[in-house]
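Input: a single structure, listed below in structure tokens.
Readers should treat all values here as calculations from the given coordinates under stated rules, not as data from a laboratory. Bear in mind the structure is a predicted one, so any value in this text is a computation, not a measurement. No Cβ is skipped: glycine too gets one built from the backbone with ideal geometry, and neighbour counts run over all protein chains shown.
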Amino acid sequence: MTLRDKQSQFVLNVAKLIQYAEKQGYELTFGEAWRTPEQAAWNEAHGKGISKSLHIDRLAIDLNLFDNGDYQTSSEAHRPLGVYWKSLDPHHRWGGDFLDSKGDPKPDGNHYEYNPRM
């Protein structure tokens, strides 16, 4: 599967996630989808991400979640969407499951990705 094929599948699954969220009574807005390599390097240097971000390859998206009009900032609020996201494809990862280099939880619940390295 080419990178473009993966990107197309990712977009289709993001559409499914958006429709699922709406059916659950949530509202979503887009956060960051594409990130330049320079921005990813800056984020890593400032402890806000990694330089090899899948956002660079257009295989990751950050979504803003609203429940009854209230912006949800906790990863736990995204959990129902994260569970659904992972059910769509074995290559999907949800940021709420992320760990730091020591193996401690470092959730980023609004992050949804297609990880071709899995």
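With +1 on the Cβ of every Lys and Arg and -1 on the Cβ of every Asp and Glu, and nothing else charged, how large is the dipole of the chain about its Cα centre, in debye rounded to the nearest 20?
Working: 14 positive and 17 negative charges, 86 e Å.
Using only the charged Cβ atoms, the result is roughly 420 debye.
Mean-square fluctuation check for the chain, GNM, Cα pairs under 10 Å: which of Phe98, Phe66, Phe30 is largest?
Highest fluctuation of the listed residues: Phe30.
Mean-square fluctuation check for the chain, GNM, Cα pairs under 10 Å: which of Leu59, Leu81, Leu12 is largest?
Judging by the Gaussian network model, the answer is Leu12.
Taking the number of other C-beta atoms within 10 Å as the exposure measure, put His46, His78 in order starting with the fewest.
Numbers: His46 8, His78 25.
The fewest-first ordering by Cβ neighbours comes to His46, His78.
Taking R0 as 25 Å, what FRET efficiency do you get between Thr29 and Gln7 from their Cβ-Cβ distance, rounded to the nearest 0.05?
Numbers: r = 21 Å, r/R0 = 0.85.
So the FRET efficiency works out to roughly 0.75.
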